[in-house]
Amino acid sequence: MFQYSPSYFNYKDVILINVYPQKEAVYQMSIYFKKFVPISKHQDQWFRHDLEGKQKVKNFHKTRIKLLAYNNSFFSSVIKDNGTGKLSLSYGVECIIFKEIATRLNITWDTFTSDDKDKWGTVWMNNTITGGALKWLYTKRVDVSFCSLWIDHIKSKFVDMSKFWTLTCLKFLVPKPLPLREKWDLLFKPFPLSLWLLVLFSATLTTITIWILACIQKKIGYANINAFTSLSTTIFWIIGMMLLTNNPRTYRMGPIRHLINWWCMFIFIMSTSFSSILYSFITSSEYTDIVLEVEDMVKANYHWGLTYPPPYEYILKMENPVHVKFSKRFVPERGVDDRISRLKLGRYAILTKCLYEKHFMESDKVPVAMLNNLRTARTCLSQFYIGFGFTKRSPYAKPANLVIQRIFESGLIDYWLSRVTEVRMSPTTFKQVYEIKPRKSGHPSALSYRQFKVVMVVWMVGCALSAAVFAVECRYGRGGTGHARRPRRA
């Protein structure tokens, strides 16, 4: 019997693969032992070596397996052949990845799907599994499944999860803030409270000081200060100067003329600043409070829903009492029409997924026009790795991991995702919806009476008050306080 030695192969690294149906063994020429020595006898380990020292994928020789897949946005889609009635994979990122795995592993498959509302399956506290891919894999009705399955330690107790091929994050889609047209606090907006208090204090101090000094100067002998010797008259003069309607003549008023002149200068600066800021508030749009976090949605009395029971512990932070309160506001959706009607009513949040900066909803039939009035948060509620699910101790899991690792490192997954987005992009798949303000129409919005409603109300109140004062004066015969005119000389 001829025995090979290292010299026969010129002392090169040689690996011998002994192939049997469903079982292989790998041997390597050893310079030390001068013969072939086994380096792997296990079915799921032989692919670790090839002639170039790289890991090699196992050949399953057209083994037929069972696959469970669902229609899930641009992750995967399943179609039915009208002629044969059999299901087949159509288009989607996970469909392309699985076909690549099947080609490398040399396997064929039969496609299955189900009508479970919960496509993924739920593990309850008593370790029972209800519906979805998790139940099918755990009961070994299928060998492999994909539908954007999250990788977590709970699933690992029941099924084998592959290496991740992407990272997804969960966000809530909420209505954008609405513009405020009726600004009832418009007249108080330009100045903060501290500045209003400063103006009030300055006016009070100036009024009292001028009144006291006017009374003292009148006793000294100044004659042109009678307008400020009465406290009520002084108040009206100071308010009139603040409104830029009264400007008294300071000729021969003595020392108080300096106080009046500097008060006029101070009021001129403050009124100019007030009018400029008021103009900005009138012409610029203000919006309702923006909803950023779950806490904001709880305060604004938001509700949310899905077509299946949500995994609260994955979506929300159940250790937070506010998140627990928000979880109780979950209302199951009856379908797409139910979701659309809730969006129209407002104060409704939709759970969305973000994949490579592409946001999408599970219900693709939501009108595209509604997205203009919605926005997503900048931060993720939760982030999860996505992988393929296999039955426990599946012989296909480790070879598939090697394929996933190679195509992930090569950048093929990013390319396939971009291609899927271009070819099969749903109209409700969007990039970033972060804007606080609605989209600009290209023209500035015109001013309306609503923006001046508070000014008009103040004017009408002033007119009504003046009419009432006029009626009282006419009733009691106090039509005026002016003095009779002197006759003009010829």
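Points to keep in mind about this one:
- Among the candidates VAL123, VAL142, residue that is among the β-branched types (Val, Ile, Thr), closer than 19 Å to LEU67 by Cα and either without any contact (Cβ under 8 Å) to a residue 40 or more places away in the chain or surrounded by 18 or more Cβ atoms within 10 Å (Cβ to Cβ) (or both): VAL142
- Residues (at pLDDT 85 or above and either in a loop (DSSP other than H, G, I, E, B) or closer than 16 Å to VAL78 by Cβ (or both)) located in region 98-124: PHE98, LYS99, ALA102, ASN106, TRP109, ASP110, THR111, PHE112, THR113, SER114
- In region 283-295 there is at least one residue matching the filter, namely being on the phi < 0 side of the Ramachandran plot, at pLDDT 80 or above and not in a loop (DSSP other than H, G, I, E, B).
- Of all residues in region 370-390 being under 23 Å from ALA300 (Cβ atoms) and open to solvent by 40 Å² or more (accessible area, probe 1.4 Å), the one that is nearest to the chain's Cα centre (by Cα): ARG378
- Filtered residue count, region 310-366, keeping only those that are assigned to a loop (DSSP other than H, G, I, E, B), open to solvent by 10 Å² or more (accessible area, probe 1.4 Å), among the β-branched types (Val, Ile, Thr) and more than 18 Å from VAL294 (Cβ to Cβ): 0
- Those residues of region 145-168 which are among the hydrophobic types (A, V, I, L, M, F, W, C) and either out of contact with any Ser or Thr (no Cβ under 7 Å at 6 or more places or on another chain) or open to solvent by 10 Å² or more (accessible area, probe 1.4 Å) (or both), in sequence order: LEU149, TRP150, ILE151, ILE154, PHE158, MET161, PHE164, TRP165, LEU167
- Within region 77-89, being at pLDDT below 85 and either touching a helix residue (DSSP H, G or I) at 6+ places or on another chain (Cβ under 9 Å) or among the small types (Gly, Ala, Ser) (or both) holds for SER77, GLY83, GLY85.
- When LYS62, LYS58 are screened for being modelled with pLDDT of 75 or more, closer than 22 Å to LEU412 by Cβ and not acidic (Asp, Glu), only LYS58 passes.
The values are calculated or read from the model by the stated rules, or taken from the named source; none is laboratory data. All values reported here derive from a predicted model rather than from experimental measurement. FYI the Cβ positions are ideal-geometry reconstructions off the backbone, even for glycines, and counts take in every protein chain you see. Surface accessibility is based on the protein's heavy atoms, side chains included, excluding ligands, DNA and RNA. Shrake-Rupley method; radii C 1.70, N 1.55, O 1.52, S 1.80 Å.
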